[in-house]
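Asker: What follows is a structure written as structure tokens; I'll ask about it next.
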Amino acid sequence: MNNYIISFTKKFDYFFEQKEITNIIYLHDEGDNERLDHVLFLEKGDGNVIGLYIRGMNPLISVNRIYDLDDFNLFASYEGLIESKENIKLRVEYIGLFFSTQYNELLGFYLANNDVSSSIFILFSQDEIYVEKDCSKYEASRALEKRFSTEGFITYEKNVRLTGKKQTSNRKKLSI
């Protein structure tokens with residue numbers, strides 16, 4: 001693994017491992033109510049957020065709500081923003097990250113609980129974020145293969161389980 005992939009795997013472990021996600025927060029332009037498709041926030045069980053923003057090849061990550069601290073400089077383009085929440089109940093026990101084989105680029109990620117009864121799949125495009133709730137690992141892999149079949153992708157996987165009060169982690173798997 002190169003330093004870029006190591007850096008992103010550490011970030012995702014830090015921000016998502018064993019966290020409970022309760023809402024997907026979409027932002028809408030207050031002027032025309034159009035949804036901003038290049039930014040979203042995942043609200044955790046404790047009320048804090050993890051914000052994702054894409055413009056170009058890699059997402060930026062923030063832990064600040066938009067009206068607390070505009071880390072993504074959205075107010076440079078929008079006078080006002082409205083939050084719209086979509087409920088999801090997800091305890092992150094599986095993390096799958098998908099990287100380009102040609103560039104240092106995070107293509108997307110898949111988060112799920114151990115039995116995959118709740119999941120979220122997020123795919124990044126140059127300036128859009130696509131979200132799919134409650135899809136299987138297989139469906140996420142098929143979407144990636146369809147979109148990136150010519151160049152391929154690298155997959156990083158991590159399973160985390162709670163057994164009583166002890167946390168165990170399966171070996172990290174990296175495949176092409």
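Asker: How far is helix 137-148 tilted off the main Cα axis of the chain, in degrees rounded to 10, range 0 to 90?
Answerer: Once rounded, the angle reads 70 degrees.
Asker: Can I ask one more? Only Cα pairs within less than 10 Å get springs; with that Gaussian network setup on the chain, which residue of 42, 81, 97 has the largest fluctuation?
Answerer: 81
Asker: Rounded to the nearest 10 Å², what accessible area does residue 37 have for a 1.4 Å probe in the complete protein model?
Answerer: 60
Asker: Okay, next question. Which of 62, 113, 149 sits closest to the plus end of the dipole of the chain, meaning its Cα is farthest towards the positive end, when Lys and Arg get +1 and Asp and Glu get -1 on the C-beta?
Answerer: Looking along the dipole axis, the top candidate is 113.
Asker: If you keep only loop residues by DSSP, which GluC sites (Glu not before Pro) in segment 43-113 have at most 10 other Cβ atoms within 10 Å of their Cβ?
Answerer: Sparse-neighbourhood loop GluC sites (Glu not before Pro): 79.
Asker: Next question. Hey, if we sort 62, 117 by accessible area with the 1.4 Å probe, largest down, what's the order?
Answerer: Per-residue accessible area, sorted high to low, gives 117, 62.
Asker: Calculate for the chain the 222 nm mean residue ellipticity that helices alone would give, adding -39,500 (n - 2.57) per DSSP H run of length 4 or more and normalising by residue count, nearest 500 deg cm²/dmol.
Answerer: When only DSSP H runs of four or more count, the value is -4500 deg cm²/dmol.
Asker: Rounded to whole Å and sorted largest first, list the principal axis extents of the Cα atoms in the chain.
Answerer: Per principal axis, max minus min of the Cα coordinates gives 47, 43, 28 Å.
Asker: Residue-wise, which Karplus ³J(HN,Hα) couplings in Hz belong to segment 19-26, taking 6.51 cos²θ - 1.76 cosθ + 1.60, θ = phi - 60°, and x for glycine or proline?
Answerer: Running phi through 6.51 cos²θ - 1.76 cosθ + 1.60 with θ = phi - 60° gives 8, 9, 9, 10, 8, 9, 10, 9 Hz.
Asker: Mind putting a number on the dipole of segment 4-105 about its Cα centre? Charges go on the C-beta only, +1 for Lys and Arg and -1 for Asp and Glu, and I need it in Debye to the nearest 20.
Answerer: Here the size comes out at about 480 debye.
Asker: In the chain, with Lys and Arg counted as +1 and Asp and Glu as -1 at Cβ, which of these residues, 103, 41, 74, has the Cα nearest the positive end of the dipole, that is, farthest along it?
Answerer: Looking along the dipole axis, the top candidate is 103.
Asker: For helix 3-16, report the angle its Cα long axis makes with the longest principal axis of the Cα atoms of the chain; keep it between 0 and 90° and round to the nearest 10°.
Answerer: 70
Asker: Using a Förster distance of 30 angstrom, determine the FRET efficiency expected from the C-beta separation of residue 15 and residue 136, and round it to 0.05.
Answerer: 0.85
Asker: Rounded to the nearest Å, what's the spacing between the alpha carbon centres of segment 58-76 and segment 1-45? Just the number, please.
Answerer: For segment 58-76 versus segment 1-45, the Cα centre distance is 11 Å.
Asker: Moving on to the next point. Let me have the relative contact order for segment 1-137, percent, based on Cα pairs under 8 Å that are six or more residues apart.
Answerer: 24
Asker: Charges at C-beta only: +1 for Lys and Arg, -1 for Asp and Glu. How large is the resulting dipole of the chain about its Cα centre, in Debye rounded to 20?
Answerer: Once rounded to the nearest 20, the dipole reads 1280 debye.
The values are calculated or read from the model by the stated rules, or taken from the named source; none is laboratory data. Since we're looking at a predicted model, the values are computed, not measured. All Cβ positions, even for glycine, are placed from backbone atoms using ideal geometry, and neighbour counts span all protein chains on display. Protein only, heavy atoms only, side chains kept; ligands, DNA and RNA dropped before computing areas. Shrake-Rupley method; radii C 1.70, N 1.55, O 1.52, S 1.80 Å.
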